[in-house]
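The values are calculated or read from the model by the stated rules, or taken from the named source; none is laboratory data. This one's a predicted model, so the numbers in the text were calculated from it and none came from an experiment. Counting neighbours? That spans all protein chains shown, and the Cβs are built from the backbone with ideal geometry, glycine included. SASA here: full protein model, heavy atoms, side chains in, ligands and nucleic acids out. Shrake-Rupley method; radii C 1.70, N 1.55, O 1.52, S 1.80 Å.
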Amino acid sequence: MKNLTSRLKGEIAHLKVKIRSAEKKFIISEPAIDARYDFIIDTGRELLRTQVKYSDCIDDSKSLKIKLKTKSGKKYRPYKTKDCDLILIYIPEKECIVSLTPEIFNNKTMITINLKRKKSELFWRKFIW
């Protein structure tokens, strides 16, 4: 989806996560005020503070560079386990949502997923949400 604003991409990602949550019969709650996460997802077994991202390929490299930073005052800092329990990333090229747990995202500012390489595909496919 070319020429979309960052805000519109974020809205699309949020809607995709809401749809997928409904398909899984999960309940989504949204914070009433600004929070470090976008949703709380109730799986029936646990409550997950969830951050939602949209990531698409900028060029023909088929690599996704996913920024894992949150704004704290005037500065950006990496997500930590105190911020959220799960990061869900909507990838329009694959029409899927990838989930990252704290073991993967904690204290990192960026990860890269190469959608062309078989080894990378094995990595991100196991995280399809």
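Numbers at a glance
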{"read-out": "Translational D in µm²/s for the stretch 67-116 (Stokes-Einstein at 4 °C, 1.567 mPa s, Kirkwood Rh from C-alpha pairs)", "value": "110 µm²/s"}
{"read-out": "Options Ile111, Tyr90, Gly73, ranked by Cα towards positive dipole end of the stretch 40-118, top entry (Cβ charges)", "value": "Gly73"}
{"read-out": "Rg followed by Dmax, in Å, when the chain is reduced to its Cα trace", "value": "14.4, 42"}
{"read-out": "Surface accessible to a 1.4 Å probe, per residue, for the residues of the chain, Å²", "value": "65 Å²"}
{"read-out": "Rounded percent of accessible protein surface that carbon and sulfur make up, the chain, 1.4 Å probe", "value": "50 percent"}
{"read-out": "Highest to lowest packing among 11-23, 76-88, scored as the average C-beta count within 10 Å", "value": "76-88, 11-23"}
